[in-house]
Each structure stands twice: as structure tokens, then as C-alpha cells.
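Everything on this sheet refers to the single structure shown next.
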Amino acid sequence: MPMATPAAVPSYRGRFAPSPSGPLHAGSLVAALGSYLDARAHHGTWLVRIEDIDPPREIAGAADTILQQLESHGLYWDEPVTWQSQNSPRYLERLQQLQAAGLTYFCTCTRAEIKARGNHYDGFCRNLQHGPHGAAIRLLNLQPIQQFHDRWHGNVQLAPELANEDFVLRRRDQLWAYQLAVVADDYASGITDIVRGEDLLHASGWQLTLWQIFSQLDQGGSLPRLAHLPLILGEDGRKLSKQNHATPIIAANAAENLHMASKALGLKLPHPSEYDSLQAYLQIAVHAWQGKYA
Ligand SMILES: [Zn+2]
């Protein structure tokens, strides 16, 4: 009797996907380092994607700065950097696929109107047959994912009104919505593992929902594994972010910055001054990550 062929296990592909709304700070370094270590610990491929689809929030030169910061911290990627601003044809194709499947509708509600009706979009325009003029395009969310496993947080249960929301795919200003772009790109890049900051934990329900729909339409792929890493809080207790002008990390402090980020990720490593190079330190960090999380 012939032996059953084992199902192919897709090899690990991870990514770091910053938006160029400012340089990397201590908090974004934690996300970058965590996704890098996880990819290396799995002998996987680590990609970098610049999420530049929201021009009003972008700062000129920030993308180049981010790439330089990654390099100066020894975080080298494995394939050419990709840019979301170049992927519009992909997003349009995915949108048209969803439209053809009857899974979208036009919504003309303003932010104020939505807010006046509740915290979450209530599907107001689902059956109103609006035309495209001045309208956002929303997903007709018929199979919402309400719970999922996260490697860091365990079982995550979402509030139904959040998970069930008909989220936006293309904004009223005609810019692509983050959810569509992220999922279309991760799916196309064959990402198996998403490791990022926990500010995106709750958006994962929507993203897995979209990923599941793409898989069904394509008759392919399994859902990615997720790990949402802790955020670094500033002295005011708020999340460090580009919007509240967190201090950019600089190359001169690379060893110290990496050490702080390792600590934030729960790794207890000797101080980088005990190693000859950043690469040597990072190698030890990969081993520590392997032992603890991989
Ligand atoms: Zn509406």
C-alpha cells in the first residue's frame, strides 16, 4: 500500500509592515524585532513592506529613514522591499472579486452619522442600493470571525458588534482601506505568520474574515498564525506612537535600543556590550526566542 503523502507544510514567511508616518521609535522597534526574531527562529523568510497608502498621514523621507534604521539595527530583510502604493491593481482586483461575489455595498454615511447611531457601523446602507458617487465601499460581512487564537494572547474573543461590522474596503475619499490592503498583500506574499504590535489585535478579526473569503474565492490557502506583541507606553501612559511624536531611535544607540526591545519582549539576555557585534547579539536573541516562543 502506498504511503500517504504528508500535506505540505508551507515554509514560514513573516513580515514587518511600517507606515511612513514617521521614523521608528522604541515601540515600533519592539514590533520589528519580534517579527524578525520569530522569522529567524523558524528558519523563515522575513519581508519588509512599506504601508504608504495614506498620503495625508505620511512624512516625506520617513520610509527611507525606517529602512536605514532597520539596517543600522542589524535587521536585514530577505527579499526586495515592497510598497503598498504600487499595489493598487491588486487591491482593485480583490475589490472587484468581492463585488462580483455580491459581498460589497456602497455606503454614504458620514462619520458623524455613524457615531450618532452607535459605536459600530450598523449596516445602515446594506439595502439602500446607493451608487458609487461619494460613497465608501463596505464588506457585506456574512461570515464574521468572532474568535481566534493568538500565540501571545491565547484565545481572543471579540465583541460581536465589532466582529460583525461591515468594515470599509475603500474609503469615501477613494483611498484604499487598511484592512483590504493588508490582507491582499499578506495573502499575495504567502505570509504564514503575522507578528506585530497588539494595537492591531482587534483588527485581526476583520482581517481573518477577509482572508477567509479570499481563500474561499480562490479555493486556496489557510489562515495565517498571529502573535500580537506588547506595546511600549510613554511616560504619560499612552502608547508610544508617531502621532504623539515618540523619539526616533538612532543608530548610535543601536545596541542599547535592541537590548531594551528584547527586554520588552520578555527575553533576558546579557548586555550587548558583551558581544563583538550586533549580529552576534541578535543570534543569541534568536536562540532565546526559539527556546521561549517558537
Ligand atoms: Zn452607510
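The values are calculated or read from the model by the stated rules, or taken from the named source; none is laboratory data. Everything quoted here is computed from the prediction, not taken from an experiment. FYI the Cβ positions are ideal-geometry reconstructions off the backbone, even for glycines, and counts take in every protein chain you see.
Tabulated results
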quantity: Any chance ALA112 is surrounded by fewer than 11 Cβ atoms within 10 Å (Cβ to Cβ) and part of a helix (DSSP H, G or I); calculated: yes
quantity: LEU47 being outside any helix (DSSP H, G or I), closer than 28 Å to GLN290 by Cβ and more than 16 Å from the ligand (Cβ to nearest atom); calculated: yes
quantity: Criterion (within 14 Å of the ligand (Cβ to nearest atom), in contact with a Lys or Arg (Cβ under 6 Å, 6 or more places away or on another chain) and of a type outside the set (A, V, I, L, M)) met by exactly one of ASP166, ASP122; calculated: ASP166
quantity: Exclusive hit being in contact with a strand residue (DSSP E or B) (Cβ under 9 Å, 6 or more places away or on another chain) and loosely packed, with under 13 Cβ neighbours inside 10 Å, set ASN127, ASN87; calculated: ASN127
quantity: Top-ranked residue in the stretch 200-223 [being touching a Gly at 6+ places or on another chain (Cβ under 9 Å) and modelled with pLDDT of 95 or more; ranked as farthest from ALA294 (Cα to Cα)]; calculated: PHE214
quantity: Tally of residues being within 16 Å of the ligand (Cβ to nearest atom) and free of Cβ contacts under 8 Å to residues at least 60 places away in the same chain across the stretch 82-107; calculated: 1
quantity: Hits in the stretch 145-164 (condition: within 19 Å of the chain's Cα centre (by Cα) and surrounded by 13 or more Cβ atoms within 10 Å (Cβ to Cβ)); calculated: ILE145, GLN146, PHE148, ASP150, ARG151, TRP152, HIS153, VAL156, LEU158, LEU162, ALA163
quantity: Among (1) farther than 22 Å from ILE232 by Cα; (2) in a loop (DSSP other than H, G, I, E, B); (3) of a type in the set (A, V, I, L, M) - the single one LEU75 does not satisfy; calculated: (1)
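For (1) over 17 Å from the mean Cα position of the chain (by Cα); (2) small (Gly, Ala, Ser); (3) outside the structural domain of PRO18 (by TED's automatic domain parsing), each residue gets a yes or a no:
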residue: LEU47; (1), (2), (3): no, no, no
residue: ILE59; (1), (2), (3): yes, no, no
residue: ALA63; (1), (2), (3): no, yes, no
residue: GLY74; (1), (2), (3): yes, yes, no
residue: LEU95; (1), (2), (3): yes, no, yes
residue: TYR105; (1), (2), (3): yes, no, yes
residue: LYS115; (1), (2), (3): yes, no, yes
residue: CYS125; (1), (2), (3): yes, no, yes
